[in-house]
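Inspection log for the structure reproduced underneath, given as structure tokens.
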Amino acid sequence: MLAIPGFVGSALDPLIGLAGDTPRRRALIFFGGIGFAVSAALSAAAVGFWTLLGALLIGNPATGAFVSLAQATLMDRDPGARERNMARWTVAGSIGYIAGPVLIAGAAVTGIGWRGVLLLLAVTSLPLAFVGRRVPPTRPIRTGRGPGLRAFASALRRREVLRWLVLLEAADLLLDVFHGFLALYFVDVAQVGPAEAALAVAVWTGAGFAGDILLLAALRRIRGHVYLRTSALAALVAYPAFLLAPSTGAKLTLLAVLGLLNSGWYALPKAGLYGALPGRSGTAVAVSGIGGIVGAAVPALLGFLAQDLGLAATMWILLLAPLTLLAGVPSGRRGRSHAA
């Protein structure tokens, strides 16, 4: 139910991104918002597996058009402030990440239930969809299906595009991938109960939110590539210390440190990807979609490895995240040329 809509959405992301570099972007954002509202409403009314699957099959690609192209438009608005705008975007996402469980808990207390929450999301997303019609029109970069696809293939062959795409997916090892294994790690490896595992997830989420806010202040003083390299070097020490820490208290403390350090590991590489394709933010969305398809297989691969090697050993593989950032993030004059 979750995998099939995710695969369909990822497969359509490149096409949505390419269409976003044409005058159709405004319409795509609008109808993406409408599609999300319809999906949420149908999910609220779902009566079984197939009706919910159908609702999610509408919602996943619609969210890609609604959210991804809105992000691309933000990147086009001020190319010189891509890093700070992506940092602001991440803060907004973190607020939603925290507010979601609070909303569900409130719905449970009041008796509204999850169906009521989904219906509420459907209603509140409609005004946002109409606001999407007011985004500035996009000037076409290339016309015709052939040139657009050729430009997409050309972008995938560019060294700077591949650099930031690899960095974006590698950094995710200590972002979403790590988050996905976090509770399981505390229960199976650290040998704590469900309450302590839930506390670990809460610590990770709270530290990440605080780090996202602090990143905005940090970017006023240092360049993004300097922050990435410095935080990756610190994480290269903090992450092994977390895995080797003997007590739950020490692990939770180091977990909070890691949550602070990896703030910006999505926003800054994504800004670098947009910067590598100036004036073609829709193509950047398309390229990112290809990376997302590849990245979606990583949790499954790690799961199979954990089955054979054990979860404790498999978690060391996530050390590739800071190592890749240290090896791949440009430094010096070259890094400054792509910081915007």
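The values are calculated or read from the model by the stated rules, or taken from the named source; none is laboratory data. Values in this document were obtained by computation on a predicted structure and should not be read as measured data. Neighbour counts are summed over all protein chains in view; Cβ atoms, including those assigned to glycine, are modelled from backbone coordinates with ideal geometry.
Going through G264, G249, G275, G303 one at a time, which residue ends up being assigned by TED's automatic domain parsing to the domain that holds L182, touching a helix residue (DSSP H, G or I) at 6+ places or on another chain (Cβ under 7 Å), in a helix (DSSP H, G or I) and not charged (D, E, K, R)?
G275
Looking at the structure I just gave you, is P269 closer than 19 Å to L74 by Cβ and either crowded, with 20+ Cβ neighbours inside 10 Å or among the small types (G, A, S) (or both)?
yes
Give region 193-227 a look and list any residue that's in contact with a helix residue (DSSP H, G or I) (Cβ under 7 Å, 6 or more places away or on another chain) and either not in a helix (DSSP H, G or I) or not assigned by TED's automatic domain parsing to the domain that holds G249 (or both), or say none.
L219, R223
Please pick out the residue among L255, L216 that is closer than 21 Å to V91 by Cα and surrounded by fewer than 21 Cβ atoms within 10 Å (Cβ to Cβ). Give the steps one after another, and end with the answer.
Details: L255 fails: surrounded by fewer than 21 Cβ atoms within 10 Å (Cβ to Cβ).
Step by step, each of L255, L216 is checked, and only L216 is closer than 21 Å to V91 by Cα and surrounded by fewer than 21 Cβ atoms within 10 Å (Cβ to Cβ).
Select from region 234-246 the residues that are part of a helix (DSSP H, G or I) and either under 23 Å from W164 (Cβ atoms) or without any contact (Cβ under 8 Å) to a residue 24 or more places away in the chain (or both) and list them in ascending order.
Taking region 234-246 and keeping what is part of a helix (DSSP H, G or I), we get 234-244.
If the condition is that a residue be part of a helix (DSSP H, G or I) and either under 23 Å from W164 (Cβ atoms) or without any contact (Cβ under 8 Å) to a residue 24 or more places away in the chain (or both), then A234, A235, L236, V237, A238, Y239, A241, F242, L244 are the ones that fit.
Looking at (1) more than 23 Å from the chain's Cα centre (by Cα); (2) under 18 Å from T314 (Cβ atoms), which one does T253 not meet, given that it meets all the others?
Every listed condition holds for T253 apart from (2).
If I filter region 324-336 for residues that are over 14 Å from A171 (Cα atoms), among the small types (G, A, S) and at pLDDT 90 or above, do I get at least one hit?
no
Can you name the helices (runs of 4 or more DSSP H) wholly within region 73-179 that have at least 3 residues being at pLDDT 90 or above and touching a helix residue (DSSP H, G or I) at 6+ places or on another chain (Cβ under 8 Å)?
Working: elements: 82-110, 113-131, 145-157, 159-171.
Once the helices (runs of 4 or more DSSP H) in region 73-179 are filtered for at least 3 residues that are at pLDDT 90 or above and touching a helix residue (DSSP H, G or I) at 6+ places or on another chain (Cβ under 8 Å), what remains is 82-110, 113-131, 159-171.
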